[in-house]
Amino acid sequence: MEKEKDQDYPFPGNWARLHKMIQEADVSGERQRIEPILWDWYQTIPGDPFIFMEIFQCAMERPDDPETLEKLQELVGIHMSEAEEPASGGLQIAQYYIMRDQPFEAAHWINQYLEWQDKKDTVNTQAHQVLQVLKMTEFPAAIAKLKRTLTRGSTGEQIEALQHVHFQIDPVLDNVLHELLVSERPKLVKLIVLEKAFAELEVIEWTDGDVSNKMTRTEAKAQIETWEKTVFSLQKSVEGDEIGTQLLMNYMYTHYPYVPAEDVEQALVQAKQAILHDEPVDGLAAEILEADLRFTQALLD
């Protein structure tokens, strides 16, 4: 076992030395002393689950320290982007989000952990208890606050609130999010929830203006891949052009996840010229300007 770990942990010593160092620090109550060494290891093998857990434990020994949240944000961010199985640290990520007063994110990561646990030979009954307590104590107020924000908040406030929601963690929250997707709201506001729906639901229903849409997760994945490839290709034509980039992205997001069939590249040039020279345009160029105006107005509301 130690021989395997020596191969997995090549810096700045070996697994046995690191493990002994951690044990000695725990016995002497000096875990803070080894935190910089653990960070050195984590920078070399980012996403490693063992080092992640050890650094998290170091940080949680001083939860009231102003720097703790900042360090946890960096640690969690690396784990979520680099770990082979981010859900293995779901309980720690949930604890971080509880400290950030984000109960929906916390519940989502506990669910992720529970799904991961089902596939492994591990059992943590505490995770279920934490999830139930979270739902009973934090969700009612958090859902009420979200509803108020969606009713009375500015577009910016609504977008900020929706960044931290998830499907399938609470039926009441699900209803709020489903209603939003089929309501008359700016696409700018729906986008965040729509992206989460594509990732978290098997079947997604939403409206764009007067058009009702329904798509399975598999269909959505293929559609989004095509959309992203099209955007990437078109971005080359407006590289370094701030106005052209804004026009392109606002138009493409208006149609997301569908890809417009028209020749967008030439119309972008016409739309930009219309802005710079205050000239009238028609056809696709006019549609691009209209989409840009809708997104801009939504941001100002």
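The values are calculated or read from the model by the stated rules, or taken from the named source; none is laboratory data. Please read all numbers here as calculations on a predicted model, not as lab measurements. In this analysis, Cβ positions are derived from the backbone assuming ideal geometry, glycine residues included, and neighbour counts consider all displayed protein chains. These area figures cover heavy atoms from the full protein model, side chains too; ligands, DNA and RNA do not enter into them. Shrake-Rupley method; radii C 1.70, N 1.55, O 1.52, S 1.80 Å.
First compute the accessible area of the chain with a 1.4 Å probe, then give the percent of it belonging to carbon and sulfur atoms. Its accessible area is 50 percent carbon and sulfur atoms.
Using all pairs of distinct alpha-carbon atoms, the Kirkwood hydrodynamic radius of segment 197-255 works out to 12.9 angstrom. The simple Förster model, with R0 at 45 Å and r as the Cβ-Cβ distance, assigns ILE243 and MET60 a FRET efficiency of 0.40. Among the GluC sites (Glu not before Pro) in segment 69-146, those placed in a DSSP loop whose Cβ has at most 13 other Cβ atoms within 10 Å are GLU84. Helical content alone sets the calculated 222 nm signal of the chain at -23000 deg cm²/dmol, taking -39,500 (n - 2.57) per DSSP H segment of four or more residues and averaging over every residue.
Note on LYS272: lysines with a C-alpha under 21 Å away, same-chain residues under 8 apart excluded, are LYS236. The residue list ILE51, LEU284, LEU300 was ranked by how far each Cα lies along the charge dipole of the chain toward its positive end, using unit charges on Cβ atoms, and ILE51 comes out on top. Magnitude of the charge dipole for segment 104-254, about its Cα centre and with charges confined to Cβ atoms of Lys, Arg (+1) and Asp, Glu (-1), is about 240 debye. When you filter the GluC sites (Glu not before Pro) in segment 227-301 for DSSP loop state and at most 16 other Cβ atoms inside 10 Å of their Cβ, you are left with GLU239, GLU262. Rounded to the nearest 20, the size of the Cβ-charge dipole of the chain about its Cα centre is 720 debye, with Lys and Arg at +1 and Asp and Glu at -1. Pairs over the 21 Å Cα-Cα cut-off, from the set LYS135/LYS187; LYS20/LYS119; LYS147/LYS196: LYS135/LYS187; LYS20/LYS119.
What angle, in degrees between 0 and 90 and rounded to the nearest 10, separates the Cα long axis of helix 49-59 from the longest principal axis of the Cα atoms of the chain? The helix 49-59 is inclined about 80 degrees to the chain. The packing ranking, built from the mean of other Cβ atoms within 10 Å per residue, places the peptides 89-102, 157-170, 178-191, 199-212 in the order 89-102, 157-170, 178-191, 199-212, highest first. Against the longest alpha carbon principal axis of the chain, how many degrees, from 0 to 90 and to the nearest 10, is the axis of helix 66-82 turned? Helix 66-82 sits at roughly 70 degrees to that axis. Projected onto their three principal axes, the Cα atoms of segment 103-178 cover extents of 47, 21, 17 Å, largest first.
Residue-wise HN-Hα couplings along segment 105-115, as the Karplus relation 6.51 cos²θ - 1.76 cosθ + 1.60 with θ = phi - 60° gives them from phi, are 4, 4, 5, 4, 6, 5, 4, 4, 5, 5, 5 Hz; Gly and Pro carry x. With everything on Cα atoms, drop me the angle between helix 171-181 and the longest principal axis of the chain, reported from 0 to 90° to the nearest 10. Roughly 30 degrees between the two axes.
In the chain, a dipole from Cβ-located charges (positive for Lys and Arg, negative for Asp and Glu) runs towards its positive end, and of ALA220, MET136, SER28 it is MET136 whose Cα lies farthest in that direction.
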